[in-house]
Amino acid sequence: MAQLSPMPVFDPISDPAAGLNTNLPSDVTAGTQKMILNMGPQHPATHGVLRLVVELDGEVIVHVHPEIGYLHTGIEKTCEAKFYQQVVPLTDRVNYLDPLSNNLCYCLAVEKLLDLEIPDRAQWIRVMMTELSRLNSHLIWLGTHAMDIGALTVFLYTFREREEILRLFEAVAGQRMMTSYFRVGGLSMDVPLGFLDRVQAFIRTMPEKIDEYSNLLTGNPIFINRLKGVGFLSPEDAIAFGVTGPPLRASGVDIDLRRDMPYSSYEKFDFKVPISTACDTWARYEVRLIEMRESVKIIQQALDGMPGGAVKADAPKIVLPDREKMKTQMEALIHHFKIVTEGFEVPAGEVYQGIECGHGQVGYYIVSDGTAKPYRVHMRYPSFPTLQALETMSKGRLIADLVAVIGSIDIVLGEIDR
Amino acid sequence: MSLSTTQAPTLSGVAAVSEGLPGHPAVAAILTLGENSLRDARYDRNELTLTVAPEDIVPACSVLKNAGYNFFEDMTAVDWFPSSPRFQLSYHLLSHSMKERIRLRALLADAVNGALPSVASITPIWPGANFYEREVFDLFGIRFEGHPDLRRIMMPDDWQGHPLRKDYPVEGYR
C-alpha cells in the first residue's frame with residue numbers, strides 16, 4: 001500500500017488563492033471586531049424557522065435582528081377565496097399549538113358580523129375546550145423552554161399530559177391537532193358520551209402534575225440562575241412594542257381580555273389573573289405556571305355548571321342541519337345543499353374580535369362586502385409584535401441568555417409568518 | 001333565525017355618533033385637531049370607527065394615546081380596488097384603563113404613474129408598529145414615511161408585486 005502524502009494545510013488567511021479575506025481592514029486586532037452570527041432558521045432553540053441575525057462583541061449581544069417570513073403561506077390571501085365556514089380549518093394552522101383559541105376567535109368575529117346568538121352549552125364547551133387548549137400550549141412551552149435551558153426531563157413529563165389533551169381533542173373533533181371543532185354558530189357536534197368524565201379525570205390529576213413540574217424546576221439552582229434577572233422588559237417597553245399575554249403580565253401590566261373584555265361567557269367564571277412585577281424570564285415562568293392552575297379551575301367550573309341544550313344556533317341558513325334531519329326533511333336537505341355549495345351571505349361591515357390565547361392577545365379583523373366570502377381577513381397574533389421586543393430584552397446579555405429569552409416569550413412561527 | 005339583542009343600535013355619521021355617545025373621549029380627542037378633522041364616524045356592532053384624513057394619522061394617534069388609548073394593538077390595510085380611494089388603513093387601539101377598543105381609519109388614494117401611495121409612519125408614537133407597517137408595505141405596497149427600516153418582511157427581498165392587493169394574480173404566471 002502506497003504511503004499517503006500529508007494533507008495540504010488549508011490556510012485561507014495566508015493563501016491568496018483561497019480568495020478569502022481580501023477585504024479585511026489592516027487594523028483589525030483581537031477584541032475589537034464585532035461578529036455577525038446567524039441563528040436559525042434551522043436552529044433547535046428557535047422553535048421553528050426563526051432566523052436571528054445576532055451582532056456579537058465576544059459573547060455579548062450588541063444587536064438582534066429577527067428575519068422572518070420563512071413560513072409565510074399567504075393564509076390571509078387564501079381566506080379571501082374561501083367561504084366563511086371554509087376559513088375555520090385554516091385558522092388551526094396559524095397557531096398549531098393552541099388550535100381551539102384560533103377557531104374561537106374567528107367564529108366569534110363572524111358571529112359578531114352575523115349578530116348570531118350562541119346557545120349556553122356551546123359557549124361553555126367553548127370555554128372548557130379553549131382552556132384545555134391553553135393548557136396544551138403552556139405544556140409545550142414549559143417542556144421546550146426547560147429543554148432549551150438543559151433540563152430535558154420536564155419535556156417528557158409535559159408531553160405525557162399533552163398527549164392526554166390531544167386524545168381529548170381527538171374524541172370531540174376526530175383530529176389531534178387541527179381540530180376545527182368550533183364552527184360559525186356553535187360547535188361541529190356535541191361532545192361524545194363519557195367525554196366530560198374523561199375531562200374530569202384529567203383535571204383531577206392536573207394540579208399535582210403541575211406541582212411535579214414545579215418541583216423539578218422552581219428549586220433547581222441551574223434553572224434559577226439561567227432565568228432570574230435575564231431578559232428584563234419594563235412595562236413601558238412592553239406596551240410600546242405591543243407585547244401581550246404572559247410576558248406583558250410578567251412586566252406588571254394587569255390586563256387579560258378574558259376578564260377585562262369578556263367573550264363567550266367568560267364573565268360567568270371566577271379566576272385570578274397572575275401578575276408579576278419582576279419583568280424577567282423567571283417572572284414569565286411563574287406567571288404561566290399559575291395560569292395553568294387557573295385554567296384547571298376554569299375547566300372545573302365549566303364541568304360543574306355545564307348547561308344542557310343545543311350546541312348550535314337556531315339559524316338554519318348558516319348552521320348545517322343535523323344528519324338525521326337532513327335525511328328526513330326536504331327543507332333541511334335544501335339548506336344543507338345551499339350552505340355547502342354557495343356558503344352563506346354575511347352582512348357588509350367590519351369587525352375586530354380580540355381574545356386571550358395562550359401566547360397573548362389574538363385578534364381577527366374581518367371586512368365583509370355582503371357576499372359569502374370574506375373581503376379581507378386580518379389576523380393579529382401575539383408572537384409577531386412580541387418578537388420586536390427581543391432586542392430590548394437581550395441586549396448586553398450573553399448569547400446563551402438569548403435562548404432563555406426566546407423560550408420565555410413562547411413564539412410560534414406559524415402565527416408570525418402566517 | 002335567532003338574533004341577539006345584546007348589540008347596541010348602529011350609529012352612522014359624525015352627528016349621530018356625537019349625539020349617541022356624548023362626550024366620548026376618542027371623539028373629543030380627534031375633534032381637538034380641528035372642526036373637520038373627523039371625516040366620518042360609525043358605531044356598529046359595539047365597535048367605534050373613526051375616520052380621519054391620511055395626513056392626520058400621526059396627530060390623531062398622538063391625541064388618542066394621550067386620551068387613554070395607550071396600547072397599539074393592530075394595524076392593517078384593505079384594498080378596495082377598483083373603487084377610489086383605493087386603500088383603507090385600519091388601526092386598532094386599545095385602552096387598558098377604559099377596557100375599550102377603537103378603530104382609527106384612513107382612506108388613502110392610489111398614487112399615479114405606478115408610484116406607491118404613502119402615509120406617515122406612527123413608529124415614533126408606538127415602536128411596536130414597526131413590523132405591522134413593514135407587513136403592509138410588503139403585502140399592499142403602501143410606503144410609510146419616517147419608518148426606520150422599511151423593507152419587505154414576509155416575501156423575499158427581490159419579490160415583484162404586493163400579494164394582498166386585489167389585482168394581484170392568484171393563478172397562472174405573474
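What follows draws every value from the coordinates through simple rules; no lab data is involved. Predicted model, so just to flag it, every value in this text is computed and none were measured. All Cβ positions, glycine included, derive from the backbone under ideal geometry; neighbour counts span all protein chains shown.
Is the protein assembly as shown best put as rounded, prolate or oblate by its Cα gyration tensor, with a ≥ b ≥ c the root eigenvalues, rounded for a/c under 1.5, and otherwise prolate when a/b is larger than b/c, oblate when not? Oblate, because a/c is 1.5 or more while a/b does not exceed b/c.
For B:MET75, the amide hydrogen comes within under 5 Å of the amide hydrogens of B:HIS92, counting only partners 5 or more places away or on other chains and with H modelled in the peptide plane. Counting only residues at least eight positions apart within a chain, or on another chain, the lysines with an alpha carbon under 22 Å from that of B:LYS65 are B:LYS99. Here the label points at A:THR205 and B:LYS166, each 7 Å from Cα along the C-beta direction, are separated by 5.5 nm in the simple model. What angle, in degrees between 0 and 90 and rounded to the nearest 10, separates the Cα long axis of helix A:120-149 from the longest principal axis of the Cα atoms of chain A? So the helix axis and the longest Cα principal axis differ by about 10 degrees. Of interest is the spacing of the C-alpha centroids, which for the range A:180-256 and the range A:327-389 amounts to 26 Å. Charge tally around A:ARG198: other residues with Cβ under 12 Å, Lys/Arg +1 each, Asp/Glu -1 each, net -1.
Here the residues B:TRP80, A:TRP124, ranked from fewest to most Cβ neighbours within 10 Å of their Cβ, fall in the order B:TRP80, A:TRP124. How far is the Cα center of the range B:135-149 from the Cα center of the range B:19-55, in Å? About 25 Å separates the Cα centre of the range B:135-149 from the one of the range B:19-55. Remark on B:LYS166: its backbone amide H falls under 5 Å from those of B:PHE81, a criterion applied only to residues 5 or more positions apart or on other chains, H modelled at 1.01 Å from N. Restrict the search to the range A:206-251; then list the trypsin sites (Lys or Arg not before Pro) that DSSP places in a loop and that have at most 11 other Cβ atoms within 10 Å of their Cβ. Filter output for the range A:206-251: empty list.
Computed from backbone phi with θ = phi - 60° and the Karplus coefficients 6.51, -1.76 and 1.60, the 3J(HN,Hα) list for the range A:191-198 is 5, x, 4, x, 5, 5, 5, 5 Hz; x is used for glycine and proline. Taking amide H atoms as placed 1.01 Å from N in the peptide plane, the amide H of A:LEU56 lies under 5 Å from those of A:MET35, A:ILE36, A:LEU37, A:VAL62, each 5 or more residues away in sequence or on another chain.
Taken one residue at a time, the phi angles of the range A:403-409 give Karplus couplings (6.51, -1.76, 1.60, θ = phi - 60°) of 5, 5, 5, 4, x, 6, 8 Hz. Gly and Pro are set to x.
Partner chain Cβ atoms within 10 Å, averaged over the residues of B:69-78 - can you pull that number for me?
On the way: counts 0, 3, 10, 5, 9, 13, 4, 9, 2, 7.
Partner Cβ neighbours, averaged per residue: 6.
Taking the alpha carbon gyration tensor of chain B, multiplying each eigenvalue by 5 and rooting it gives semi-axes of 30, 19, 16 Å, largest first.
Pairs to check: A:LYS82/A:LYS338; A:LYS373/B:LYS166; A:LYS312/A:LYS338; A:LYS82/A:LYS317; A:LYS82/A:LYS112; A:LYS272/A:LYS312. Give those whose C-alpha atoms are more than 22 Å from each other in this structure.
On the way: A:LYS82/A:LYS338 15 Å; A:LYS373/B:LYS166 14 Å; A:LYS312/A:LYS338 18 Å; A:LYS82/A:LYS317 18 Å; A:LYS82/A:LYS112 19 Å; A:LYS272/A:LYS312 30 Å.
Exceeds cut-off: A:LYS272/A:LYS312.
Counting every other Cβ atom within 10 Å of each residue's Cβ, A:CYS107, B:CYS61 order from fewest to most as B:CYS61, A:CYS107. Residue-wise HN-Hα couplings along the range B:47-62, as the Karplus relation 6.51 cos²θ - 1.76 cosθ + 1.60 with θ = phi - 60° gives them from phi, are 10, 9, 10, 10, 9, 10, 6, x, 6, 9, 4, 5, x, 5, 4, 5 Hz; Gly and Pro carry x.
The mean number of Cβ atoms from other chains found within 10 Å of a Cβ in peptide B:100-106 is 2, as a whole number.
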